[in-house]
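These notes are about the structure you will find just below.
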Amino acid sequence: MKGGKYEKSKLLQRRAHQIIPGGANTYAKGDDQYPVDAPGFIDHGSGCHVWDVDGNEFIEYGMGLRAVTLGHAFRPVVDAVAESLAGGNNFTRPAALEIDLAEELLSLVPSAEMVKFAKDGSTVTTAAVKLARAATGREMVGVCSDNPFLSYNDWFISRGPMNRGTVSGSEKLTVSFGYNDFASVESMFDRHKEDLACVILEPAKYEEPEDNFLHRLQDICRSNGVLFILDEMITGFRWSLGGGQETYGLDPDLSAFGKGMANGFAQSALVGKAEYMRLGGLNHTDERVFLLSTTHGAEVPALAATLATIRVYKSEPVIDYLYSSGERLRTGVLAHIRELNLEANFEVIGRPCNLVYVTRDGDGNMSQPFRTLFMQELIKRGILAPSFVTSYSHSDEDVDNTIRAVGEALVVYKQAIESGIDGYLVGRPVQPVFRKFS
Ligand SMILES: Cc1ncc(COP(=O)(O)O)c(C=O)c1O
């Protein structure tokens, strides 16, 4: 059964909002991010297909906020996890598997000489910032203003609209620059170079680096004793196995990996140069840094999942497929956009392995109501697509079915542009996560 009735979902949604703030444990999965008639809770998944609690089936895009790169319940990963479970999970001393994965990662990520594991991205980007502060004795952090989310911790969140509860003054320690805007980098360095501990950014988002931007940024960091940190949460295991640093030939001091490395299991890693990482260790006489130490950071099943994921990437053309499936989807969607003359209202942007869509109203302004309408029409047709990010499990047939559904959804979209959205959109529009009030 494809998208239709959502009775059980709606029941669970009501309960969820009573007992879980936001009704979901991840804001980006929350109800305010989806149309009112949408699957509220997923029961299970297989490949790129998911089934909600009402039994509706969908082809999914984005796949766990880009964490599931191979596919849901991907057999070799599931088998490796199941096998590891029989041997127990958390021990009083480290598991030998920690060394296996550490060595594997160091061989894959060009700049990595040492590694520490954790469970999520925010923890490792925050650890990178802390280590940079410890190593330089400076406190300021330069972040790329075009990166929407690098951490839920104060150093990042205090600058935005949803900063209630952060330590006042922390926002003054974070300054920003624009992607591909080297003048803004120079101006940041002119004002703050004595106080900057690090610069942190995603190697790329939806724009590619221009005019050698990333290398110039790396150089200006080096010549001012500022650590150059890459957030490879999305680019890692997607742009290439070793992330954006491999794709663009960069040599960051520290980098943070997560998301795709374990096909949806909770595993993240801070990797970097030994000269900095060792400060969190025992083999030095400097003052120690409490770098990363979590009870579950090196949990055995997630280590096993990561090793199994890497094995698949190394033995099968996963990265190539992420690109080619995205390219197939983009080509098909663009044909519909052209056919319907919707170039000014609907765009597909990003690398083929990381596509998103931009929705605009009749005046060409970015529009959340039109985003909601597009998702609503796709959901009706069995496609759950907050983005167009594919996985290794999106077959040609899945992609072609999606292209067909997009074509139909865009016909409705065009009608709504021509005669007003009110007659087409059911319920309230979606809203951005980062906003001051609900
Ligand atoms: C670029 C980037 N960095 C960091 C994070 C935080 O990762 P996590 O949600 O695992 O804490 C995210 C999550 O969306 C991200 O996209």
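Each value in this text was obtained by applying a stated rule to the coordinates, not by laboratory testing. Predicted model only: the values in this text are computed from it and were never measured. All Cβ positions, glycine included, derive from the backbone under ideal geometry; neighbour counts span all protein chains shown.
Quick rundown of the values:
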{"read-out": "Rg over Rh [alpha-carbon atoms, Kirkwood Rh] for the chain", "value": "0.97"}
{"read-out": "Amide hydrogen neighbours beyond the local backbone of C198, cut-off 5 Å, H modeled", "value": "G142, L227"}
{"read-out": "Over the stretch 356-438: Rg over Rh, Cα atoms, Kirkwood Rh", "value": "1.00"}
{"read-out": "Taking I157, I403, I234 and counting other C-beta atoms within 10 Å, the order from fewest to most", "value": "I403, I157, I234"}
{"read-out": "In the stretch 156-243, trypsin sites (Lys or Arg not before Pro) in a DSSP loop with at most 16 other beta-carbon atoms within 10 Å", "value": "R164"}
{"read-out": "Note, ³J(HN,Hα) from phi for the stretch 76-81, Karplus 6.51, -1.76, 1.60, rounded to Hz, x at Gly and Pro", "value": "x, 6, 4, 4, 5, 5"}
{"read-out": "Whole-Hz ³J(HN,Hα) from phi, Karplus 6.51 cos²θ - 1.76 cosθ + 1.60, for the stretch 429-438, glycine and proline x", "value": "x, 6, 9, x, 4, 7, 9, 6, 10, 6"}
{"read-out": "Residues E171, E377 arranged by fewest to most Cβ contacts within 10 Å", "value": "E171, E377"}
{"read-out": "Radius 11 Å from Cβ of I157, net charge of other residues (Lys, Arg +1; Asp, Glu -1)", "value": "0"}
{"read-out": "Length released on extending from F91 to E397, taking residue separation times 0.36 nm less the Cα-Cα span", "value": "105.7 nm"}
{"read-out": "Protection proxy ranking of 39-47, 295-303 - average other beta-carbon atoms within 10 Å, highest first", "value": "295-303, 39-47"}
{"read-out": "Whole-number Å³ per residue for the convex hull built on Cα positions in the stretch 174-318", "value": "139 Å³"}
{"read-out": "Average projection area in nm² (convex hull over Cα atoms of the stretch 244-325, one quarter of hull surface)", "value": "7.0 nm²"}
{"read-out": "For the stretch 1-82, convex hull of alpha carbons as volume per residue, Å³", "value": "108 Å³"}
{"read-out": "Acute angle (nearest 10 degrees) that the helix 182-192 long axis makes with the longest principal axis of the chain, alpha-carbon atoms", "value": "40 degrees"}
{"read-out": "The stretch 1-75: trypsin sites (Lys or Arg not before Pro) in DSSP coil with no more than 13 other Cβ atoms inside 10 Å", "value": "K5"}
{"read-out": "C-alpha long axis of helix 213-223 to longest principal axis of the chain, angle in °", "value": "20 degrees"}
{"read-out": "Entries of K130/K205; K380/K436; K205/K259 with Cα pairs more than 20 Å apart", "value": "K130/K205; K380/K436"}
{"read-out": "Ranking of L97, L106 by count of other Cβ atoms within 10 Å, fewest first", "value": "L106, L97"}
{"read-out": "Among 124-133, 78-87, the order from most to least packed when residues are scored by Cβ within 10 Å on average", "value": "124-133, 78-87"}
{"read-out": "Length-normalised contact order for the stretch 188-332 - Cα pairs under 8 Å, 6+ apart - percent", "value": "17 percent"}
{"read-out": "Computed helical MRE - 222 nm, the chain, DSSP H runs ≥ 4 contributing -39500 (n - 2.57), nearest 500", "value": "-11500 deg cm²/dmol"}
{"read-out": "Degrees, to the nearest 10: 7-19 long Cα axis against longest axis of the chain", "value": "40 degrees"}
{"read-out": "5 angstrom amide H check on G242, placed H, neighbours 5+ away", "value": "F237"}
{"read-out": "Under 12 Å from K273, Cα to Cα: aspartates and glutamates that are on another chain or at least 8 residues apart", "value": "E113, D251, D253"}
{"read-out": "The stretch 90-298 - Rg (one decimal) and Dmax (whole number), Cα, Å", "value": "16.3, 51"}
{"read-out": "For E113, distant residues with modelled amide H under 5 Å away", "value": "G272, K273, A274"}
